[in-house]
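Student: One structure is given below, represented as structure tokens, and several questions about it will come after.
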Amino acid sequence: MISADTIEAVRAATDIAAVIGEHVRLTPRGRSYVGRCPFNGCEEAGEVTGFHVNPERGFYHCFGCPEAGSAIDFVMQHDRVTLGEAVHALAARAGVTVVTVPPYGPPAWRKFGRHSGSRP
Ligand SMILES: [Zn+2]
């Protein structure tokens, strides 16, 4: 699986307004952008201001449907891909190297409380 550091690096290096702007016509409003929600079945889909993107904080949200999150979440929801595919696509775009880690937890010997009863 992809390391948490990679996900953070991709988030930090990605211009969310540019990513979403490829699919949604965004209009600047103050420090944010507004546009029509691109998600199917959204109550605000016809509203030019229903969908908000905040580049400073790196997230989007919609007033008409539950969709919200980072640029990674947007790619996952919009392109219907997995987290890994979304991170790889955005990492390639931002020039971030993807680091993977084994998909399991810490080794068994580190499990909390294993030796707690035998110590003084
Ligand atoms: Zn929506």
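The values are calculated or read from the model by the stated rules, or taken from the named source; none is laboratory data. What you are looking at is a predicted structure, and each value in this text was computed from that prediction instead of being measured. In this analysis, Cβ positions are derived from the backbone assuming ideal geometry, glycine residues included, and neighbour counts consider all displayed protein chains.
Student: So, in the range 22-44, how many residues would count as being away from the ligand (no atom under 14 Å from the Cβ) and either within 25 Å of THR97 (Cβ to Cβ) or in contact with an Asp or Glu (Cβ under 9 Å, 6 or more places away or on another chain) (or both)?
Tutor: Here the count works out to 3.
Student: Next up: Going by the structure shown, is ALA91 crowded, with 18+ Cβ neighbours inside 10 Å and among the hydrophobic types (A, V, I, L, M, F, W, C)?
Tutor: Yes; evaluated as a whole, the condition is true for this residue.
One line per residue, one yes/no per condition, for (1) of a type in the set (Gly, Ala, Ser); (2) surrounded by 10 or more Cβ atoms within 10 Å (Cβ to Cβ); (3) modelled with pLDDT under 95:
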position	(1), (2), (3)
VAL81	no, yes, no
VAL87	no, yes, no
VAL98	no, yes, no
VAL101	no, yes, yes
TYR104	no, no, yes
ALA108	yes, no, yes
GLY113	yes, no, yes
GLY117	yes, no, yes
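Student: Let me ask you something else. Could you say which residue among ALA68, ALA18, ALA4, ALA92 is within 16 Å of the ligand (Cβ to nearest atom) and free of Cβ contacts under 8 Å to residues at least 12 places away in the same chain?
Tutor: ALA68
Student: Take the residues in the range 45-63 that are surrounded by fewer than 17 Cβ atoms within 10 Å (Cβ to Cβ) and assigned to a loop (DSSP other than H, G, I, E, B); name whichever of them is farthest from the ligand (Cβ to nearest atom).
Tutor: Out of the qualifying residues, it is GLU56.
Student: For the subset of the range 64-96 comprising residues that are assigned to a loop (DSSP other than H, G, I, E, B) and of a type in the set (A, V, I, L, M), which member is farthest from ALA9 (Cα to Cα)?
Tutor: Restricting to residues being assigned to a loop (DSSP other than H, G, I, E, B) and of a type in the set (A, V, I, L, M), the top hit is VAL81.
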